[in-house]
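Everything below concerns the one structure shown next.
The values are calculated or read from the model by the stated rules, or taken from the named source; none is laboratory data. Since we're looking at a predicted model, the values are computed, not measured. Positions of Cβ are generated from backbone atoms using ideal geometry, with glycine treated the same way; all protein chains shown enter the neighbour counts. The protein model used for the area step is the full one, side chains on, heavy atoms only, and it has no ligands, DNA or RNA in it. Shrake-Rupley method; radii C 1.70, N 1.55, O 1.52, S 1.80 Å.
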Amino acid sequence: MESRDLLDLIWLVPALPALGAVVLLVFGKRIGEPAAGWVATALMGSSFVMSFLSFLSLSNLPAEERGHVRDLFTWFESGGFSVKFGFLVDPLSMTMILFVTGVGTLIHLYSMGYMHGDPRFSRFFAYMNLFAASMLMLVLGSSFVVTFLGWEGVALCSYLLVSFWFERNSAAVAGKKAFVTNRVGDFGFLLAMFLMFQRLGTLDYSGIEHGVGEIAGGTATAIALLLFVGAVGKSAQMPLHIWLPDAMEGPTPVSALIHAATMVTAGVFLVCRAHPFFEASSSAGSVVAWVGAGTALFAATVALVQNDIKRVLAYSTVSQLGYMFLAVGVGAYQAAIFHMVTHAFFKALLFLGSGSVIHGLGDEQDMRRMGGLKKYMPITAATFVVGWLAIAGIVPFAGFWSKDEILAKAWFEGQYGLWVVGAVGALLTAFYMTRQVWLVFYSPARFDESAHGHEPHESPWTMTTPLVALAVLSAVAGLLNLPFTDPPLEFLTEWLHPVFHGVDEIHADSFSLGLALSTVALVIGVCGILLGRAVYRNGLTPYGDRPGRRPPRPVRRCPGERLLPRRRPRPFRERTGYVGCDLPRRGSRPADDRRCRQRSGATRQGGGGGIRRLQSGLMRSYAAWIAVGTVALLAYFVVRVGL
Amino acid sequence: MEITPAYYLTLAALLFTIGAVGLLVRRNTLVMFMCVELMLNAVNLTFVSFARALDDIGGQVIVFFTLVVAAAEVAVGLAIIVAIFRRRQGVTADDVNLLKG
């Protein structure tokens, strides 16, 4: 019984960071630097300890009883519909809170070094804590409604943190763009909830799992795809990926925590949580898988030609999230979660490493003005190399095991097309990451010391400690799920099994085939690295990387951003700045600009012109419309219902 | 003559209509504001008369909620009107039309 008592205290996990947010918002100025950072980090840390304790008690329970619902109070009640504000503790949410609080604590610690001297130091930590609280609520919620509360909370915090340096116009614009694009996804999420309520009468996860058998396959597909629209927005998949690269305007710890490790994985989590719908539908899964695979490949091609150190990582994140969706699409939920965890480690590491580089170079982000930093920042370089090997898929680092598992599962499902797309993406991943490592750390130095007045320097201990910790995790996280041992030591798969017990397991056709696929994956990674090293060993290539030069024809012709439709609804284009023309040196060509403008003009006059006349700005005309609407509604009731 | 609930309801409907029409035809923000108050109180009257007619305390309770919300609304609304007046030396509703499509 004791272990269940502890699970009843699960509400402390989101409540501790929430408390931190409140305290820092109210007393932040008085607490000041660095105490405010310590308060936030300590509360995050205690949230992690709390998560770990509940993990211990959950694992003490027998496997089939590992699902504990803790209802705090009835949130709202209307007719037969009641929503409890409660938390669901099961292996899935437990995995999520462990890595969210763990990585979150490290990034909070790092931020104390990175944000040193910022005039809004305490405000930053208040937002970070608020974000952590929302994210934990999202993953712990016992129903779609509580999850949605967290879902909106993280969107808000993402907005606040992306445009944290709002004095810079580009940051303000990027925050707005992230927020607006996410709204599109939320629209799908809301519609899915309405449909669920209409058909099932409940939004609790337990109720859904029982009721899903009664709904028709078409309805299940509709719900699944609508939820997927939400996931696409949050996890920056095509075509809603446009906000993530711009979100790099935020401080680097924000990019690491929100736009690499935690928030953007919420979409994958949502699909895993709603897996009964995806299982009940015959076609939703393949849509998810192909959108994921397409995004994985597409984002990797864009990452090849980015020169901003953080934008490379941003597109890389989009690409890796694509792999996760590929996995959930073929029904390999455990593999997706596995990759989510390892990705959280190595991508947070890479982002924090790039932050350390930016910090050490005095806010320089252009890789064309870096190089040779290994000598000046040994710890950053060493840890970055670990992250690079992990994402490139080199044995024995974490990324190899998780990415290989996703590709192998796709193969065993008979989805050879998905496997090929994923494998090509993996080659590109290894290539662009090698390019980054060489441009930043190894090739001859190209930075201008006079520009910032001092040599590049290694970062303080608050920043290097998280780097080292994450590097260790990126190196060994593969141990969570080891294939090819007898019996396989797939701890994570077994741990998650109670959550996905209704899902057919994908089994390897044969042991040797699995081994062969892994070897191929490894060879692909090594090829990418060797290729990248051969091209970028001496720094910039004569082709596309020199400032002012256009990339060679094949690079320009690669899908890149060109695949994107230029005709985009107005809020995404004009109000939120430069969306359409993202590929460097392309958007500035007059011909492109003119085409953009002409088409946007036509779209606006066709679509918005009629509606905008309704918004006259006259208060009395709005009042008149309200009156007309009320009268119409009343008339409807009187005539049709016979009031 | 017995005063039935119908009298109160008719009065409330009349007051509400006066308020609504006033809101639509007047251009002075302060007057429009008073029209909104008139509409709110017309609804309050409806609540009270139904509470009496149906012998249900619920209607009277709702009135208190309305009063509280209306008080909050007055505070915000008057503040806005004062802010507008300081800026443009007038409170004509139709002049305040910057937010349009």
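Quick rundown of the values:
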quantity	calculated
Selected residue [away from chain B (no Cβ under 13 Å), at pLDDT below 75 and open to solvent by 90 Å² or more (accessible area, probe 1.4 Å)] from A:Arg594, A:Arg612	A:Arg594
Residue match in the stretch A:188-205 (condition: part of a helix (DSSP H, G or I), open to solvent by 10 Å² or more (accessible area, probe 1.4 Å) and closer than 15 Å to A:Leu156 by Cβ)	no
A:Leu98 vs. criteria surrounded by fewer than 19 Cβ atoms within 10 Å (Cβ to Cβ) and aliphatic (A, V, I, L, M)	yes
Hey, B:Asn97 under 23 Å from A:Gln615 (Cα atoms), within 14 Å of chain A (Cβ to nearest Cβ) and in contact with a Leu (Cβ under 9 Å, 6 or more places away or on another chain) or not	yes
Yes/no for A:Met238 being over 28 Å from A:Ser459 (Cβ atoms) and buried (at least 20 other Cβ atoms within 10 Å of the Cβ)	no
A:Val288 in contact with an Asp or Glu (Cβ under 8 Å, 6 or more places away or on another chain), in a helix (DSSP H, G or I) and either at pLDDT below 90 or crowded, with 24+ Cβ neighbours inside 10 Å (or both)	no
In the stretch A:597-609, the residues that are open to solvent by less than 50 Å² (accessible area, probe 1.4 Å) and either at pLDDT 75 or above or more than 10 Å from chain B (Cβ to nearest Cβ) (or both)	A:Ser600, A:Gly601, A:Thr603, A:Gly607
Residue in the stretch B:60-67 that is under 30 Å from A:Gln615 (Cβ atoms) and within 14 Å of chain A (Cβ to nearest Cβ) present	no
All positions within the stretch A:623-643 that are among the hydroxyl-bearing types (Ser, Thr, Tyr) and either away from chain B (no Cβ under 12 Å) or open to solvent by 80 Å² or more (accessible area, probe 1.4 Å) (or both)	A:Tyr636
Test: residue in the stretch B:7-29 that is farther than 18 Å from A:Thr630 by Cβ, open to solvent by less than 50 Å² (accessible area, probe 1.4 Å), modelled with pLDDT under 90 and not in a loop (DSSP other than H, G, I, E, B)	yes
Which listed residue, of A:Leu240, A:Leu244, is under 30 Å from A:Phe166 (Cβ atoms) and either over 16 Å from the mean Cα position of the chain (by Cα) or not in a helix (DSSP H, G or I) (or both)	A:Leu240
Selection count where residues are among the charged types (D, E, K, R), more than 20 Å from B:Gly19 (Cα to Cα) and surrounded by 10 or more Cβ atoms within 10 Å (Cβ to Cβ), scope the stretch B:44-80	2
Condition met for A:Ala475 (in contact with an Asp or Glu (Cβ under 6 Å, 6 or more places away or on another chain) and surrounded by 14 or more Cβ atoms within 10 Å (Cβ to Cβ))	no
